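This report refers to the structure that appears directly beneath it.
The values are calculated or read from the model by the stated rules, or taken from the named source; none is laboratory data. Computed from a predicted structure; not experimentally measured. A quick note on method: Cβ atoms are made from the backbone with ideal geometry, for glycine too, and the neighbour counts reach across all protein chains shown.
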Amino acid sequence: MPGSRVTIKDLAKRMNLSVSTISRALHNNPSIGEKTTREVWKLAEQLGYFPNSVASNLRRRKTNMIGVIVPRIDIAFHSHVISGVEEIAYKMGYNVTIYQSRDSYEREVAITTILQTNMVAGIIACLALETRDCSHFARFNNLKVPLVFYDRVSNELEASKVIIDDFDAASRVTQHLINTGCRRIAHIAGCQTTSIFADRLEGYKAALQRNNLPFDPNLVCCANDLSYEEGARCARKLIRLAAMPDGIFCANDYTAIGAIQVIKKANLKIPDDIAVAGFSNYPVSTIIEPALTTIDDRAAEMGKTAARMLIRQIEERDVNIASETIVLRTDLIVRDSTGKEKVNA
């Protein structure tokens, strides 16, 4: 039938051979003569036959597909993680399917059901902002499907993780602002029910305390979705305070850029009046004027590390591999938005 998929049965009928003989020939089984194998492959190419990998995987109960769950593909951090995952997966013979939770718990649960149905070989996931209960991931432990979390991770489940030290990174950014002469430093914070953003707030507080600077809750503004708009909203609030901040540490680069735009529109100078620092080293951080001081959280390396961990677990499934947590080093990148340090760190 025109347009229909050519099957092994079609090849068998055309060549007057059994389906099992055709199958062995297509797998280059030595039990089939070289002449027959060549003829089978020649006909397969002529008719446009290609193997049904889904059916094959169902028979073998195995796939080479890795499922990756990201909160938002349009966030530079996650796109860089995906790039790192795909680079390693491709080199090691695995395919990658990307699913986007859009920070929705309900959507994340639905995705895990899809991944279970599709029999993926393993899963790499970053939790949605809405996720509090991670029991939907527990099913993969029960099915012995390897699971690796990155960035936003679950501490409830036995699973490997790739993270950074958000507390330390935030403390270093805040210390840098202090070293440039800032004494009244604000923080545009992320969702505090998410551990990475809570850790960034605590790192900020720790740096203030270490330098005998008071913590003022009025200088903390939460931007739950960490967008440009939320950064701008928080900046407008902060510059209207009776005692305006002289430095702002933002939980990501998008909020920092939103803040920079508001500060410039208010005819305040950066960094002379207010220094601004971000987090994650998004590509836009080098384009904004002034260029943004930020933390390089090595997103692509996080993806590569997660992929290596997962594939090792997939390929050594018969070996009892203990879950592990890898903490990647971060780098403080100093640019024009904060100026030069006046004292040693």
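The strands (runs of 3 or more DSSP E) located wholly in region 256-345 that include 2 or more residues which are surrounded by 21 or more Cβ atoms within 10 Å (Cβ to Cβ) and touching an Asp or Glu at 6+ places or on another chain (Cβ under 8 Å) occupy 294-296.
Within region 179-206, the set of residues being buried (at least 22 other Cβ atoms within 10 Å of the Cβ), assigned to a helix (DSSP H, G or I) and of a type in the set (Gly, Ala, Ser) comprises just one member, Gly203. If you check Val220 against the conditions, is it in contact with a strand residue (DSSP E or B) (Cβ under 9 Å, 6 or more places away or on another chain), assigned by TED's automatic domain parsing to the domain that holds Asp273 and surrounded by fewer than 20 Cβ atoms within 10 Å (Cβ to Cβ)? In short, yes. Of all residues assigned to region 137-148, none qualifies as being part of a loop (DSSP other than H, G, I, E, B), under 23 Å from Asn224 (Cβ atoms), of a type outside the set (Asp, Glu) and modelled with pLDDT under 95.
Meeting the requirement of 2 or more residues that are buried (at least 18 other Cβ atoms within 10 Å of the Cβ) and at pLDDT 95 or above, the helices (runs of 4 or more DSSP H) wholly within region 33-103 are 76-91.
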